[in-house]
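Chemist: Got a structure here, written out as structure tokens. Questions coming.
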Amino acid sequence: MAEYFVKIAVIGGGPGGYTAAFRAADLLYSPDINQPQVCIIEQHSALGGVCLNVGCIPSKSLLHIASQIRELEVLKAAGIQAVNEHIDVDLEKLRAYQQESINQLRSGLDFLAKKRNILKIKGTAQFEDKNTIRVGNDLVRFEKCIIATGSKPAALPFLPNHPNVLNSTTALQLNAIPKNLLIIGGGIIGVEMAQIYSALGSKVSIIEMSPAILNFIDSDLTQPLIESFKKHNVRMIVAAKLESVQPQDAEFEVSWINNDSTKETQVFDYILQAVGRKPATQALSCDKIGLNCSSKGFIIVDERMQTNLPNIYAIGDCVGDPMLAHKSSAQAKVAAENAAGFASFYRPECLPSVVYTTPEIAWVGWTEHALIEKGQPYEKATFPWRANGRAIATRSSAGLTKVLTDPHSDRILGAGITGVHAGDLISEFSLAIEMGARVSDLSLTIHPHPTYAETLAHACEMLDGTVTEVLQQKKNKS
């Protein structure tokens, strides 16, 4: 049995965990101390967590490939066409392509951890007491602890335990390309998986109990994606209730009730469940040390990311929604700074979100739906990408940029973008909201031409009454 002594122990090596460990090690660094001050306890052999190893990065590699396949349609329209239009997918090479990105990022994290003299301990962490963690037969004694255990896919209890029933992790392993794939859940993971497998050749159906896919996003932002799905024969079964799933040899007979109360049955060879995620906190034995958790297993924290136990902090997916890697990283720095003895608070004005489909959808701040529900007055401008030169030149004009503002102060309340690189473009709006910027701050900022970023300025110009790229409209007050 080994016994380790550290100032700060971090449980979990994902984006939150390694960021917390790196920041803590930087703050605690002293040239006179050779012994590791910080450790990362990670159950897997590599750092990076779900995001790097089985989530964000591998999925974005495949989504990039999917977008390139869709780009072939643009090339064909431009007179550039392969002799044989059939797309042949070599899964072994595709997996290797995917793994190459993962390996490169893993190597970078290992290098950074080593240079910071961070102790890596492989295994599952379980609290023995408020200052001790058991990892197998080993003990880790700590002064402060940061929990960053993340989350895991939620499972539907009525689905059979079958290799062809996938979740967000196993779907990215690319063991086969389904002929007929049913995706249960029309949220972000569901639509991204639909994008990937549809491009690779699967016939994809999405079943969703809400009235629309991505029902939590303003409908004008999702409409271009819905139209794209229709064009590529992705079936969206919405406002439907799943009734039964019956295995039949290598297939599944699935029945559901449509919104009009009619029953429908179809056979699929693969099912992918994308019904959300749940906190990975069960193995910690939180109750053993009196660590407060919600009824759903999320660890309760304050804006210092501190739990009810003053020497223990928690960050990321395990403290609640939204489950986003960039939220985890931001909270990680706050927790590390507090654990190292510096005052720090998690108080973001906004948190951007992105759906990495083709087209991408990104939004930040208040949605229009939320403002209406709240009863808060707002002004809106929507600039169509069909009036943007770059979008027209690249045949990606099926998009829009929307800005929502306070009618009294002209400060930006929220924004949304649907189109190429929307996830990259949304950061300008994020900064504007964080700074309390007014519409004129963006409309008077000169943007390079021709770029997609011009659409942000033009949307703001529509509210200022200075836009020239479309016919002048009156302010849309609500």
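The values are calculated or read from the model by the stated rules, or taken from the named source; none is laboratory data. Small disclaimer: the values here were computed from a predicted structure and weren't measured. Cβ: placed from backbone, ideal geometry, glycine included. Neighbour counts: every protein chain shown.
Chemist: Please give the number of the condition Phe158 fails out of (1) surrounded by fewer than 23 Cβ atoms within 10 Å (Cβ to Cβ); (2) of a type in the set (A, V, I, L, M, F, W, C); (3) touching a helix residue (DSSP H, G or I) at 6+ places or on another chain (Cβ under 8 Å); (4) over 23 Å from Tyr97 (Cα atoms).
Modeler: Only one criterion is unmet by Phe158, namely (3).
Chemist: Now a separate question. Give me the residue from segment 372-381 that is on the phi < 0 side of the Ramachandran plot and free of Cβ contacts under 8 Å to residues at least 60 places away in the same chain and, out of that set, surrounded by the most Cβ atoms within 10 Å (Cβ to Cβ).
Modeler: Looking at the filtered set, the residue picked out is Gln376.
Chemist: A further question on this structure: Condition first: of a type in the set (A, V, I, L, M) and at pLDDT below 75. Now tell me which residues in segment 81-97 satisfy that.
Modeler: Matches in segment 81-97: Ala82, Val83.
Chemist: Name the helices (runs of 4 or more DSSP H) wholly inside segment 1-115 in which the number of residues that are assigned by TED's automatic domain parsing to the domain that holds Ala125 and of a type in the set (Lys, Arg) is 3 or more.
Modeler: 91-115
Chemist: Moving to a separate point now. What's the total number of residues in segment 153-173 that are in contact (Cβ under 8 Å) with a residue 60 or more places away in the chain and closer than 16 Å to Leu242 by Cα?
Modeler: Qualifying residue count for the region: 6.
Chemist: Do you know which of the residues in segment 439-461 that are over 26 Å from the mean Cα position of the chain (by Cα) and charged (D, E, K, R) is surrounded by the most Cβ atoms within 10 Å (Cβ to Cβ)?
Modeler: For segment 439-461, the residue satisfying everything is Glu461.
Chemist: In addition: Only one of these conditions is not met by Glu434: (1) touching a residue at least 24 places away in the same chain (Cβ under 8 Å); (2) in the same structural domain as Gln306 (by TED's automatic domain parsing). Which number is it?
Modeler: All conditions are met except number (2).
Chemist: Do the conditions hold for Asp269, that is, is it surrounded by fewer than 16 Cβ atoms within 10 Å (Cβ to Cβ), out of contact with any helix residue (DSSP H, G or I) (no Cβ under 7 Å at 6 or more places or on another chain) and among the charged types (D, E, K, R)?
Modeler: It is false that Asp269 is surrounded by fewer than 16 Cβ atoms within 10 Å (Cβ to Cβ), out of contact with any helix residue (DSSP H, G or I) (no Cβ under 7 Å at 6 or more places or on another chain) and among the charged types (D, E, K, R).
Chemist: Can you tell me which of (1) within 26 Å of the chain's Cα centre (by Cα); (2) surrounded by fewer than 20 Cβ atoms within 10 Å (Cβ to Cβ) is the one Ser168 doesn't meet?
Modeler: (2)
Chemist: While we're on this one: Being surrounded by fewer than 18 Cβ atoms within 10 Å (Cβ to Cβ) and either assigned to a loop (DSSP other than H, G, I, E, B) or among the aromatic types (Phe, Trp, Tyr) (or both) is the filter here, so list the residues in segment 402-438 that pass it.
Modeler: Passing the criteria: Asp406, Pro407, His408, Ser409, Asp410, His421, Gly436.
Chemist: How many residues are buried (at least 24 other Cβ atoms within 10 Å of the Cβ) and among the basic types (Lys, Arg) when one looks only at segment 1-35?
Modeler: 1
Chemist: What single numbered condition from (1) under 21 Å from the mean Cα position of the chain (by Cα); (2) not assigned by TED's automatic domain parsing to the domain that holds Leu28 fails to hold for Asp321?
Modeler: (2)
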